[in-house]
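To start, the structure itself, in structure tokens.
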Amino acid sequence: MTAAQRDLLLVIAGIGGVLVLASAIGWLLARRYSPQGQNAAIENLNDRIRAWWLMVLALALAFLGGRAGVILLFALCSLAALREFMTLTNAGRADHRTLAAAFFIVLPVQFWLVWIGWYGLYAIFIPVWVFLLLPILSVLSGETRNYLVRVAEMQWALMICVFCVSHVPALLDLQIPGHGGRNVLLIAWLVMVVQLSDVLQYVWGKLAGRHPVAPRLSPSKTVEGFLGGTLSAALIGTALWWMTPFRPWQAGLMALLVCALGFAGGLVMSEIKRDRGVKDWGHSIAGHGGFIDRLDSVVFAAPIFFHVTRYFWHQVPA
Amino acid sequence: MAAIRAILARIAARILTFVARAITAVQPLWVGIDPDAPRQRVYFANHASHGDFILIWSVLPPRLQRLTRPVAGADYWQRGALRRFIGCEVFGALLIRRQAEGAGPLPPDGRDDPEAPIPRMAAALDEGSSLILFPEGTRNQGDAPLLPFRSGLYHLARARPQVDLVPVWIENLNRVLPKGAVVPVPLMCKVVFGAPLHLAAGEDKAAFLARARAALLALRPRQDAQVAP
């Protein structure tokens, strides 16, 4: 077993430990305050913990499956997210061909480009090629009503759900001296820090939240929650610096960056939901809503984390 | 041979419902009924896609699936061996003759005609089946959310007044597989079951059909967000 694999198992065991603890607390709370399932908050908590088990299991299997496993997992997440996003857009019957192309050509091609590691193309495939070619496909349908709205929504959906999500497995592509074979750990670090930041923001918001960040958008997102969650997640990210190629202080700054982006991503995606009059993006994950409800923060953090890491740490061996 | 066909039909039903659920992540919303209540029902739904009855069928409790038969146009489902197999044997569809487009309403009663739709639906109800009905009479391919109802639902309600008439709104399937499309795109669908209706005393045809249609329209989850066709 390599050192990277040993560290990965250590991380998985650590997360498993945290989840065992969470499940135990959830079970005790349910026994004490909600024996007949009458307390909605506790039932939701336990739904969430059960869903977390499944998510961690899927991630662990993907990580142990190596490159193919990670790319396949995020391609499937991307598909689920794109389905949720497209469902809420104005794309209609006239856009059927464009939608089919988005689902069955753009998405597979983007992840295939990540699989073969063609950075020069996967970094521009959607924002350049698809952004120009996709409207042409929609023009052919001859439907003029809401053309700009429909096209813009479909492009934004592809950007968020395919382009951004694909930058998580793209981290496997970075060549960082002295960090060979450890890129899966870098993905694990990103996902853990961003997700922990979400959870800790929620906890801090419940405990100390006073001042809402965007009262009309979401009363549960507070300044206190944001600061407490981001700072405590950044501390954990710093403590986990050994998973990354970063020094501890660099890991701390990177964690701050991805947590802030994750927070902003959550706000942006909430605004879209508010605009469309829905509470959740979907209903696929019990207690969490849809895939985008869970991915929104990772989505915003991934491409920028990828490019910052690439700019400062990536080196092609001479 | 018949036994093998029956087994094949069961397997095909499983596969088709699995595919329908995988593509659409369909979510049933039981607004007005308890799905498990042992009631005989006529589910009446909006009709925009050939997949409509498969989607309703796939969210029914498995125990009820066997007892629930879609009412479908014979002209479509008898064309070709595969369609006949899927229609009649997999889903046990009750195939009825339809009037040609624009040829006016179906004959109201047809006591003299053994092939007339209403007596055949009533007979299926008498055998203990529930039915899935599309009262628009044809697939809706325009921009209106729901076409005017044909009179079949009224005549059936008069023939078997005790049966629950349950409005069922199918959301989004017209975008998954619109007319002329071969490849379904994966968008999420909902199937909303409303509260059962019955023919009121002295209610005439127009009033009843208007009430049934309004009950179905009221189930639409997003009435304003949809701006494009």
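Per residue of peptide B:182-191, the mean number of Cβ atoms on other chains within 10 Å of the residue Cβ is 6. When only Cα pairs below 8 angstrom with a gap of at least 6 residues are kept, chain B shows a relative contact order of 29 percent.
Summing Lys and Arg as +1 and Asp and Glu as -1 over all other residues whose Cβ lies under 15 Å from the Cβ of A:MET1 gives a net charge of +1.
Label-to-label distance, B:ALA124 versus A:VAL223, with points set 7 angstrom from Cα along the beta-carbon direction: 6.5 nm. Counts of other chain beta carbons within 10 angstrom of each beta carbon in peptide A:92-100 average 6. The heavy atoms of A:PHE291 present about 60 square angstrom of accessible area, all protein chains included, probe 1.4 Å. Helical runs assigned H by DSSP (4 residues or longer) give chain A a calculated mean residue ellipticity at 222 nm of -23000 deg cm²/dmol, each run adding -39500 (n - 2.57) before division by the residue total. As a quick test, which of the pairs A:LYS221/A:LYS273; A:LYS279/B:LYS190; A:LYS221/B:LYS190 have an alpha carbon distance above 18 angstrom in this structure? Too far apart for the 18 Å limit: A:LYS221/B:LYS190. Sequence-ordered 3J(HN,Hα) estimates for the range A:26-43 from the Karplus curve with 6.51, -1.76 and 1.60 and θ = phi - 60° stand at x, 5, 5, 4, 5, 5, 7, 10, 9, x, 9, x, 8, 9, 4, 4, 6, 4 Hz, glycine and proline given as x. Each part gets one Cα centre, and for the range A:62-129 versus the range B:1-20 those centres are 33 Å apart.
Which trypsin sites (Lys or Arg not before Pro) in the range A:181-273 sit in a loop by DSSP (not H, G, I, E or B) and have at most 14 other Cβ atoms within 10 Å of their own Cβ? Let's see the in-between values first.
Details: sites: A:ARG182, A:LYS206, A:ARG210, A:ARG216, A:LYS221, A:LYS273; in loops: A:ARG182, A:ARG210, A:ARG216.
In loop regions of the range A:181-273 (DSSP not H, G, I, E or B), the sparsely surrounded trypsin sites (Lys or Arg not before Pro) are A:ARG210, A:ARG216.
Average partner chain C-beta neighbours within 10 Å, per residue of A:273-283?
Working: counts 0, 0, 1, 2, 5, 3, 0, 0, 1, 3, 5.
Average neighbour count from other chains, rounded to a whole number: 2.
Using θ = phi - 60° in the Karplus curve 6.51 cos²θ - 1.76 cosθ + 1.60, the 3J(HN,Hα) couplings for the range A:300-308 round to 6, 7, 4, x, 6, 4, 4, 6, 5 Hz; x is entered for Gly and Pro. Across the range B:139-151, coupling constants 3J(HN,Hα) worked out from phi with the 6.51/-1.76/1.60 Karplus curve, θ = phi - 60°, read 5, 7, 10, x, 8, 5, x, 8, 6, x, 7, 6, 8 Hz, and Gly and Pro carry x.
Sequence-distant contacts, meaning Cα pairs under 8 Å at least 6 residues apart, place the relative contact order of the range A:178-318 at 23 percent. With both labels modelled 7 Å from their Cα along Cα-to-Cβ, the A:ALA286 to A:VAL18 distance reads 2.3 nm. Between amide H atoms placed 1.01 Å from N, distances below 5 Å from B:LEU165 occur with B:VAL42, B:LEU197, all of them 5 or more places distant or on a separate chain. Among the GluC sites (Glu not before Pro) found in the range B:118-182, those both in a DSSP coil and sparsely packed, with 12 or fewer other Cβ atoms within 10 Å of their Cβ, are B:GLU127. If the segment from B:ARG21 to B:ARG63 were pulled out straight at 0.36 nm per residue, it would be longer than the present Cα-Cα gap by 13.4 nm.
Annotation: extensible slack from A:ARG67 through A:GLN250 equals 63.3 nm (criterion: 0.36 nm per residue apart, minus Cα-Cα distance). Each Cα pair under 8 Å and six or more residues apart adds its sequence gap; the mean of these over the residue count of chain A is a relative contact order of 18 percent. Computed from label points 7 Å out along Cα-Cβ, the spacing between A:ILE25 and A:ILE304 is 2.9 nm. Share of Cα-Cα pairs in the range A:3-93 beyond 15 Å, in percent? When all Cα pairs of the range A:3-93 are counted, 70 percent exceed 15 Å. Return the long-range amide H neighbours of B:THR68 (sequence gap of 5 or more, or a different chain), with a cut-off of under 5 Å between placed amide H atoms. Amide H neighbours of B:THR68, under 5 Å, 5+ apart: B:SER130.
Give me the Kirkwood hydrodynamic radius of the protein assembly as shown, using the inverse of the mean 1/r over all pairs of distinct Cα atoms, in Å to one decimal. List each step's numbers first, then the result.
Details: mean 1/r = 0.0381 Å⁻¹.
One decimal place: 26.2 Å for the Kirkwood radius.
The values are calculated or read from the model by the stated rules, or taken from the named source; none is laboratory data. Just so it is clear, the structure is predicted and the values come from calculations on it, not from any experiment. So basically every Cβ, Gly included, is an ideal-geometry build from the backbone, and we count neighbours across all protein chains shown. Ligands, DNA and RNA are excluded from the accessible area calculation, which covers all protein heavy atoms including side chains. Shrake-Rupley method; radii C 1.70, N 1.55, O 1.52, S 1.80 Å.
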